[in-house]
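Have a look at the structure below, then the notes.
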Amino acid sequence: MQALPSSDELDELVAVTARLRAGVESVVTGRPELVRVALAVLLAEGHLLLEDVPGVGKTTLAKAIARSIDAPVGRIQFTPDLLPSDLTGVNIFRAQTHEFEFRPGPVFAHVVIGDEINRASPKTQSALLECMQEAQATVDGRTYPLPRPFLVVATQNPVEMEGTYPLPEAQRDRFMARLTVGYPSVEAEMAMLEVQESADPLARLRPATDAPQVARLIDVARRLHAAAGIKRYVVDLVAASREEPGLRLGASPRAAIQLLRAAKALAAMSGRDHVLPDDVQELAVPVLAHRLLPSTESRLSGRSTQDVVTDLVARTSVPSLDPPARVRRLLG
């Protein structure tokens, strides 16, 4: 069993994530909860799907996260004619050496921004499956490891569906969380006009950390304590989705793993060395809703998968932390 994070390690994590949040929120105004969950996904070593109408700041949020980390960034503008090799890379024959040389694609970066991912064909979208799940890419029979940390931030527009290809369930399941940016409040939009009237705040954003430090903080978050009751709570939520009559497809075991990891990251950002039910509840909709398929009756009644997850959280009994586990944690 791994040792719990020390107070110094947690203090470093809290300080770094606070700087990251301040930087991103200076660009994406009026959405602190959105930024908080996005950074939890980063610390949980997951991938993020941003879904909303055009012009609300999806790509801006992705760029802000990327610029806040001093690390290589790959940018992919998905189009119908994009090929899998445009993502993963290609082998080029060099006449001088009479040998093939591998030229890496944009996925060989610490942060990969995929803009309008649903505009590419399923064949091209599938090129990301291995990258997102196994942090590696196979080109012409040879496997290349991807750098760590590795974060994919993809955007898609759910309104303009002409010429788009819906993401297959296997790929949606590889995104740890889906966030909806939404329209800002009047106050936030006024602040946005004030800030961006004459300058782009992205141009002034400076890195708050680097890739090695992020990788170290990911390991710190992984070592947080999750009591048996918390794990059972996560399993109960996921299992309830599989028995929900309003769904055709429930959450996968991968969803349970990613929900627990994201909850650990959220707890670490709060300076705690243990997970609370509140952490799981806050992340239930972002982590679970996009993996579910509603039944025909649910769609006709206007009941979304977000509504289903909210109901599941309300119906699932909240566990109490195991007292012996708390004692062991405090004494350890």
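The values are calculated or read from the model by the stated rules, or taken from the named source; none is laboratory data. Computed from a predicted structure; not experimentally measured. Cβ atoms come from the backbone with ideal geometry, glycine included; neighbour counts cover every protein chain shown. Heads up: the accessible areas ignore ligands, DNA and RNA and are worked out on the full protein's heavy atoms, side chains in. Shrake-Rupley method; radii C 1.70, N 1.55, O 1.52, S 1.80 Å.
Worth a mention:
Table: residues versus (1) at positive phi; (2) without any contact (Cβ under 8 Å) to a residue 24 or more places away in the chain; (3) of a type in the set (Gly, Ala, Ser).
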residue	(1), (2), (3)
ALA64	no, no, yes
VAL73	no, no, no
GLN77	no, no, no
VAL90	no, no, no
ARG94	no, yes, no
PRO106	no, no, no
VAL111	no, no, no
ILE117	no, no, no
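- Within region 304-332, residues that are under 26 Å from HIS225 (Cβ atoms) reach partners that are among the polar types (S, T, N, Q) and at pLDDT 90 or above with beta carbons closer than 7 Å, at six or more positions or on different chains, in the pairs LEU312/SER241; VAL313/GLN281.
- Scanning region 242-265 for residues that are over 21 Å from the mean Cα position of the chain (by Cα) and small (Gly, Ala, Ser) yields a single hit, GLY246.
- GLN133 being at pLDDT below 95 and more than 29 Å from VAL220 (Cβ to Cβ): no
- Residue within region 160-177 that is open to solvent by 40 Å² or more (accessible area, probe 1.4 Å), free of Cβ contacts under 8 Å to residues at least 12 places away in the same chain and under 16 Å from the mean Cα position of the chain (by Cα) present: no
- Every residue from region 149-203 that is part of a loop (DSSP other than H, G, I, E, B), within 24 Å of ALA256 (Cα to Cα) and of a type in the set (S, T, N, Q): THR180
- Scanning region 150-159 turns up at least one residue that is touching an Asp or Glu at 6+ places or on another chain (Cβ under 7 Å), loosely packed, with under 14 Cβ neighbours inside 10 Å and either closer than 27 Å to LEU288 by Cα or not basic (Lys, Arg) (or both).
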